[in-house]
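Peer 1: One structure is given below, represented as structure tokens, and several questions about it will come after.
The values are calculated or read from the model by the stated rules, or taken from the named source; none is laboratory data. Note that the structure is a prediction, hence the values are computed from the model and not measured. Positions of Cβ are backbone-derived with ideal geometry, glycine not excepted, and every protein chain shown enters the neighbour counts. Remember, those area values only see protein heavy atoms, side chains included, never the ligands or the DNA or RNA. Shrake-Rupley method; radii C 1.70, N 1.55, O 1.52, S 1.80 Å.
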Amino acid sequence: MTLSRLRRLTLAPVILLASACENSVSIQPDVLAGNYAATSFVVTQTGQAPVDVLAKGGSLTINIAANDSITGLLVVPAGVPGTQAGTANMKGKVVHRSDGTYQFDQDESTFVEALVWQQFTDALVSTSFLVGTQFQVTLRK
């Protein structure tokens, strides 16, 4: 056996293995639909200390269906700046904005409608400033 032929036989399995491997990576976009609950909800009025809405007993849940309809519940306790204490139904729909962000168009008007949301893996995050009040909210699936 010649040295040239021996090299070809040695390289044959490597060439076959390399041709069998796929060189592409598939990245699946995160799915917007799902059940979300606030894991962080801080409201800060200009010149005041931040208020942790969840620590005061508040909550925000949003359920997004595949057709972009939403349901859920907002609970705001007394003492949260820039808001009114009470509960509100989140029924409505998700609006996909041209800049890639989202807003909730609700049947019952609340400050949540004015918040702009960014999508991350299994989360929606808003850091919106409305009329002297900063809202920092993280919703997780």
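Peer 1: Taking segment 30-48, which residues are modelled with pLDDT of 95 or more and open to solvent by 60 Å² or more (accessible area, probe 1.4 Å)?
Peer 2: Asn35, Thr39
Peer 1: Hey, can you tell me all the residues within segment 70-81 that are open to solvent by less than 50 Å² (accessible area, probe 1.4 Å) and over 16 Å from the mean Cα position of the chain (by Cα)?
Peer 2: Result: Leu74, Val75, Val76, Pro77, Val80, Pro81.
Peer 1: Condition first: among the polar types (S, T, N, Q), surrounded by fewer than 19 Cβ atoms within 10 Å (Cβ to Cβ) and under 18 Å from Val51 (Cβ atoms). Now tell me which residues in segment 118-137 satisfy that.
Peer 2: Listed by number, the residues that qualify are Thr127, Ser128, Thr133, Gln134, Gln136.
Peer 1: I need a count of the residues in segment 89-124 that are farther than 21 Å from Lys141 by Cβ and of a type in the set (Phe, Trp, Tyr).
Peer 2: Within segment 89-124, residues that are farther than 21 Å from Lys141 by Cβ and of a type in the set (Phe, Trp, Tyr) number 1.
Peer 1: Determine whether Thr71 is of a type in the set (Ser, Thr, Tyr) and modelled with pLDDT under 95.
Peer 2: No, not satisfied.
Peer 1: Quick one: Leu115 ticks every box in (1) touching a residue at least 40 places away in the same chain (Cβ under 8 Å); (2) surrounded by 14 or more Cβ atoms within 10 Å (Cβ to Cβ) bar one, so which box is it?
Peer 2: Leu115 satisfies all of (1) touching a residue at least 40 places away in the same chain (Cβ under 8 Å); (2) surrounded by 14 or more Cβ atoms within 10 Å (Cβ to Cβ) except (1).
Peer 1: The conditions are (1) among the aliphatic types (A, V, I, L, M); (2) open to solvent by 60 Å² or more (accessible area, probe 1.4 Å); (3) closer than 24 Å to Arg97 by Cα, and Ile62 fails exactly one of them. Which is it?
Peer 2: So the condition that Ile62 fails would be (2).
Peer 1: Would you pick out the residues in segment 84-112 that are under 21 Å from Gly58 (Cα atoms), within 16 Å of the chain's Cα centre (by Cα), open to solvent by less than 30 Å² (accessible area, probe 1.4 Å) and not aromatic (Phe, Trp, Tyr)?
Peer 2: Matches in segment 84-112: Val112 only.
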